[in-house]
Amino acid sequence: MSRAERKSGEEFMTLEMSPGPDDRKKLEAYLTAESRLPGPRGNLELAGRFASGFAHSGMSGEWWDMLTDWARLPSAEAGTGDPREFLPFCACLTLGAHYSFASPAQRQEIASILRAAANDSRWRTREAAAMGLQCIGEADFGLLADVLAQWKSGASLLEQRAIVAALAHPPLLKDREAAVYALGLAGEITESIVEVTGPERKAEPFRVLCKGLEYALSVMAAAEPGAGFELLSRLASLDDPAVIRIVKSNLGKSRLSRKYGPQTAAILAGIDNKS
């Protein structure tokens, strides 16, 4: 992409206007060209800047249609690592940023889009779902809690992973009530995995959820140590190898082991005594 085309794309991102068909093509070309895909890390900075431009009311119908179209791009048209996968990634973040300004009907659609993205086969799109939820929470944690309350009942393993990843976000956890809420919900999810049995334990959704839990609890516990270590201690008493692995992994994170050495050592000693 030429310097002129890049400058045009950057300027378009800041314009409060309704994109026509040609504008849409130019913006898609700009975002995909600057996506850093294929590659191990997409252009998170650009996605964040794009999303922040929609954290206001008054989104036009043209913008809404474009973003929801991007969010629903299937893997057949924008596979893992394809530069076009950056479009649904940006869309999920942007819709999350706009959520608090959206109409009730639009909020319902955004929540549905993020839930579908949480179950997507593409790991980057699943990550976008969690980040979209974080955008909602950064604007208004109460709105995020309302969305998660709707997801909570009957949530798939991948949806549970999105919930955990969304809540393991330090900016959200600065508020004590939010941190306690996060620990409570993450604790429920961790305890529920003991009910997952058989082949389901060897499938990717279970593996992905456990991997997320193996770091998320330590982020939450670091924000609210009292409730955090109480949760980790309770989980350590469960007779489930996946749960024990989750507890050990979190206790091994430096954010806990360095600052709360005695507490981590006590829980680990209890686990070792059970072995």
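The values are calculated or read from the model by the stated rules, or taken from the named source; none is laboratory data. As the structure is a computational prediction, the values presented were derived from the model and not from experiment. Backbone-built Cβ (ideal geometry, glycine too); neighbour counts: all protein chains shown. Just the protein is used for accessible areas: all its heavy atoms, side chains included, with ligands, DNA and RNA removed. Shrake-Rupley method; radii C 1.70, N 1.55, O 1.52, S 1.80 Å.
What to note about this one:
- Any hit, segment 92-99, residues being closer than 13 Å to Leu31 by Cβ and open to solvent by less than 30 Å² (accessible area, probe 1.4 Å): yes
- When restricted to residues that are assigned to a helix (DSSP H, G or I) and open to solvent by 20 Å² or more (accessible area, probe 1.4 Å), segment 74-89 contains 2.
- Every condition in (1) open to solvent by 50 Å² or more (accessible area, probe 1.4 Å); (2) within 30 Å of Ser121 (Cβ to Cβ); (3) not β-branched (Val, Ile, Thr) is met by Ala242 except one, and the failing one is (1).
- The set of residues from segment 232-267 being in contact with a Ser or Thr (Cβ under 6 Å, 6 or more places away or on another chain) and closer than 15 Å to Ala222 by Cα comprises Asn250, Leu251, Lys253, Arg255, Leu256, Ser257, Thr264.
- Test: Glu62 is surrounded by fewer than 24 Cβ atoms within 10 Å (Cβ to Cβ) and not in a helix (DSSP H, G or I): no
Results for (1) open to solvent by less than 50 Å² (accessible area, probe 1.4 Å); (2) free of Cβ contacts under 8 Å to residues at least 60 places away in the same chain; (3) touching a strand residue (DSSP E or B) at 6+ places or on another chain (Cβ under 9 Å), shown as yes or no for each residue.
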residue: Ala129; (1), (2), (3): yes, yes, no
residue: Cys135; (1), (2), (3): yes, no, no
residue: Ala182; (1), (2), (3): yes, yes, no
residue: Glu191; (1), (2), (3): no, yes, no
residue: Thr197; (1), (2), (3): no, yes, no
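Residues checked against (1) open to solvent by 20 Å² or more (accessible area, probe 1.4 Å); (2) under 20 Å from Ala129 (Cβ atoms); (3) modelled with pLDDT of 95 or more:
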position	(1), (2), (3)
Gly39	yes, no, no
Gly58	yes, no, no
Leu67	no, yes, yes
Arg72	yes, yes, yes
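- Only one of the listed residues (Ala216, Ala222, Ala236) is farther than 20 Å from Pro262 by Cβ and either in contact with a Gly (Cβ under 6 Å, 6 or more places away or on another chain) or among the aliphatic types (A, V, I, L, M) (or both). That residue is Ala216.
- Residues that are over 17 Å from Gly226 (Cβ atoms) and touching a residue at least 12 places away in the same chain (Cβ under 8 Å), drawn from segment 259-273: Leu268, Gly270, Ile271
- Restricting attention to segment 82-138, the residues being among the polar types (S, T, N, Q) and under 17 Å from Arg161 (Cβ atoms) number 4.
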